[in-house]
Amino acid sequence: YVRKGANRDQRAAVYYEWAKDIFKSYLDKIIPEWEEKIGVKTNAYFIQKMKTKWGSCNPRSKNIRLNTELVKKPKHLVEYVVVHELIHLIEPRHNKKFINLLDTHYPSWREARKELNELPLGFVEW
């Protein structure tokens, strides 16, 4: 809840934390499922505001980062980003091996990528 009289920034902060909590509960379910399917294990995942990416991966630390704006996207597109980043734990580059792994684990990734990239990355204030 937002306190009566809260200003715009305070309301935005409450919304942001609420959205992160919802997103985290979903990710806590799907990340382990996909880790098992792919045969990888992350050390941690982080949810953060990102201006230019849907996600990122650090293969050395085995951490992935996911854009908070994904909470507003359809679940199949969130799964695509999760799978994409988890596969980077096996292959850090977007090379043939990476593409083959995506084809194996998420065959509809091309359609998902196209759909996701047609959506806005985040809210832009006019």
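The values are calculated or read from the model by the stated rules, or taken from the named source; none is laboratory data. The structure presented is a predicted model; accordingly, all values stated were derived computationally and were not measured. Don't worry about glycine lacking a Cβ; one is built from the backbone with ideal geometry, like all the others, and counts go over all protein chains shown. Accessible surface is based on the protein model in full, side chains and every heavy atom, while ligands, DNA and RNA are left aside. Shrake-Rupley method; radii C 1.70, N 1.55, O 1.52, S 1.80 Å.
Ellipsoid semi-axes for segment 10-72, based on the Cα gyration tensor and the rule √(5λ), read 23, 14, 9 Å when sorted largest first. Calculated [222 nm] ellipticity per residue, helices only, for the chain: -17000 deg cm²/dmol; basis is -39500 (n - 2.57) per DSSP H run with n ≥ 4, divided by all residues, nearest 500. Do any of LYS4/LYS114; LYS73/LYS96; LYS20/LYS96; LYS4/LYS62; LYS73/LYS97 go past 31 Å between their Cα atoms, and which? The answer is LYS4/LYS114; LYS20/LYS96; LYS4/LYS62. Percent of accessible area on segment 1-87 owned by carbon and sulfur, 1.4 Å probe? Result for segment 1-87: 51 percent of the exposed heavy-atom area is carbon or sulfur. Taking amide H positions as modeled 1.01 Å from N, with prolines and chain starts lacking one, the residues under 5 Å from GLY55 and 5 or more places away or on another chain are ASN67. Potential lengthening of the chain between ASP9 and GLU35 amounts to 5.7 nm, from the contour at 0.36 nm per residue minus the alpha-carbon distance.
Here the 3J(HN,Hα) profile of segment 19-29, calculated from phi with Karplus coefficients 6.51, -1.76 and 1.60 at θ = phi - 60°, is 5, 4, 4, 4, 4, 4, 5, 5, 5, 4, 8 Hz, Gly and Pro shown as x. Three principal axis extents describe the C-alpha atoms of the chain; from largest down they are 54, 30, 22 Å.
Place a +1 charge on the Cβ of each Lys and Arg in segment 1-52 and a -1 charge on the Cβ of each Asp and Glu, then give the dipole magnitude about the Cα centre in debye, rounded to the nearest 20.
Dipole magnitude for segment 1-52 comes out near 380 debye.
Excluding ligands, DNA and RNA, the accessible surface per residue across the chain is 67 Å² with a 1.4 Å probe.
Calculated on the Cα set of segment 77-126, radius of gyration then Dmax: 12.5, 42 Å.
Can you give the FRET efficiency to the nearest 0.05 for ASN43 and ALA19, using r as the Cβ-Cβ distance and R₀ = 22 Å? Working shown, then result.
Details: r = 24 Å, r/R0 = 1.09.
After rounding, the FRET efficiency stands at 0.35.
Once you treat every alpha carbon in segment 46-91 as an equal point and sum by Debye, what is log10 I(q)/I(0) at q = 0.32 Å⁻¹? Values, matching the q order: -1.20. Close amide H pairs (under 5 Å, H built 1.01 Å from N) link ILE47 with LEU66, residues at least 5 positions away or on another chain.
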